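One structure is given below, represented as structure tokens, and several questions about it will come after.
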Amino acid sequence: MPREAKEARAARTQRIIARLQKAYPDAHCELNFPNPLELLIATILSAQCTDKRVNLVTADLFKKYPSAAAYASAPAAELEQAIKSTGFFRNKTRSIITCCQAIVEKHGGEVPHSLAELIELGGVGRKTANVVLGNAFHLESGVVVDTHVARLSQRLGLTREKDPAKIEQVLMGLVPRDQWTMFSHWLIWHGRRRCFARNPDCPGCEVLSLCPRIGVIRRVSSVQPASST
Ligand code: SF4
């Protein structure tokens, strides 16, 4: 693919956004969360786990631990058991207890709503912080880059970066700030419903004419990839 000027890439990104917005008018965070604390817990649990599984686990978990103080004082073995089916449960338990202890000690039991304060909690990375800020507080602090966003950003030719932090910086430069949270949802929804990791449905894809399909094996000869602009 010939190099595309940033202005042209930003304009193409806008056209991609318009089509994805039309394809997924109801796109939203698929984790169930009644409040910011519970979105924080659900997002920690969602690492290497499906949202569906997390929602099954949190249906009981949220009743058992109704506050940051409840998680902060939970016996680790008990919490591990409760979240075991989400995988990596020892690390996740450590993260939940660590961040909830900090929420209780430094923030009076309330989840803080700035990126710096969230990351300082311990056990919370930039991606998790962005999910909480964008979806629970409606603050545009960054673009959430998960496995779908990383894969689609590369296939769509928006970036050649592989590191999530670098991908995020590129996307923040291409996407208008008031769309950072939704852009991530649109790509995640498209990644789950069309642009699958193994067999992307390019013939049926809403953004085919805008996509250079970087790294996609051409399985269907009739599919015409987009030019670079
Ligand atoms: S055209 Fe193919 S590679 Fe590009 S976004 Fe659509 S499904 Fe993914």
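The values are calculated or read from the model by the stated rules, or taken from the named source; none is laboratory data. From a predicted model like this one, the values you see are computed outputs, not experimental measurements. We place every Cβ from the backbone using ideal geometry, glycine too, and count neighbours over all the protein chains shown. Surface accessibility is based on the protein's heavy atoms, side chains included, excluding ligands, DNA and RNA. Shrake-Rupley method; radii C 1.70, N 1.55, O 1.52, S 1.80 Å.
Taking the solvent-accessible surface of protein heavy atoms with a 1.4 Å probe, what is the per residue accessible area of the chain in Å²?
Numbers: 11430 Å² over 229 residues.
Heavy-atom accessible area per residue stands at 50 Å².
Which whole number of Å³ per residue matches the convex hull of the alpha-carbon atoms in segment 51-118? Walk me through the numbers on the way to the answer.
Numbers: hull volume 6.3 nm³, N = 68.
That works out to 93 Å³ per residue.
How many percent of the accessible area of the chain is carbon or sulfur, using a 1.4 Å probe?
Numbers: 6070 of 11430 Å².
So the carbon and sulfur contribution to the accessible surface is 53 percent.
I've got another one for you. Cβ under 13 Å from Leu139's Cβ, Leu139 left aside: what net charge do those residues give with Lys, Arg +1 and Asp, Glu -1?
Details: positive: Arg177; negative: Glu117, Glu140, Asp178.
Combined, the nearby Lys, Arg, Asp and Glu give -2.
As an exercise, use a Förster radius of 30 Å and the Cβ-Cβ distance of Ser114 and Ala69 to find the FRET efficiency, rounded to the nearest 0.05. Spell out each step's value before the answer.
Working: r = 21 Å, r/R0 = 0.72.
Efficiency, from the Cβ-Cβ distance: 0.90.
Would you kindly derive the ³J(HN,Hα) couplings of segment 125-136 from the backbone phi angles with the Karplus curve 6.51 cos²θ - 1.76 cosθ + 1.60 (θ = phi - 60°), listing them in order in whole Hz, with x for Gly and Pro?
x, 4, 4, 4, 4, 5, 4, 5, 5, x, 9, 8
Now a separate question. Which whole-number value in Å³ per residue fits the convex hull of the alpha carbons of segment 1-127?
Numbers: hull volume 19.3 nm³, N = 127.
Dividing the Cα hull volume of segment 1-127 by its residues yields 152 Å³.
Report, to two decimal places, the Cα Rg of segment 83-134 normalised by 2.2 N^0.38 Å (N = number of residues).
Working: Rg = 11.2 Å, N = 52, 2.2 N^0.38 = 9.9 Å.
Ratio of Cα Rg to 2.2 N^0.38 Å: 1.13.
Report the accessible area of Ser46, computed with a 1.4 Å probe over the heavy atoms of all protein chains in place, in Å² rounded to the nearest 10.
Here the accessible area works out near 30 Å².
Rounded to the nearest 500 deg cm²/dmol, what is the calculated helix-only ellipticity per residue at 222 nm for the chain, with -39500 (n - 2.57) per DSSP H run of length n ≥ 4?
On the way: 11 runs with 124 residues, N = 229.
Rounded to the nearest 500, it is -16500 deg cm²/dmol.
Let me ask something additional. When the Kirkwood hydrodynamic radius is evaluated over all pairs of different C-alpha atoms of the chain, what value in angstrom, to one decimal, is obtained? It would help to have the intermediate numbers written out before the result.
Details: mean 1/r = 0.0535 Å⁻¹.
Computed over Cα pairs of the chain, the Kirkwood hydrodynamic radius comes out at 18.7 Å.
Given the options Gln154, Gln48, Gln14, which has the most mean-square fluctuation in a GNM of the chain, springs set between C-alpha atoms less than 10 angstrom apart?
In this elastic network of the chain, the residue with the biggest mean-square fluctuation among Gln154, Gln48, Gln14 is Gln48.
According to a simple spin-label model (label point 7 Å from Cα along Cα-to-Cβ), what is the distance in nm between Asn35 and Lys162?
That separation, rounded to one decimal, is 4.3 nm.
Across every pair of different alpha-carbon atoms, what Kirkwood hydrodynamic radius in Å does segment 1-70 reach? Walk me through the intermediate numbers first.
Values: mean 1/r = 0.0666 Å⁻¹.
The Cα-based Kirkwood calculation yields 15.0 Å.
With angles folded into 0 to 90 degrees, how steeply does helix 6-23 sit against the dominant principal axis of the chain? Use alpha carbons for both and round to 10.
The helix 6-23 is inclined about 70 degrees to the chain.
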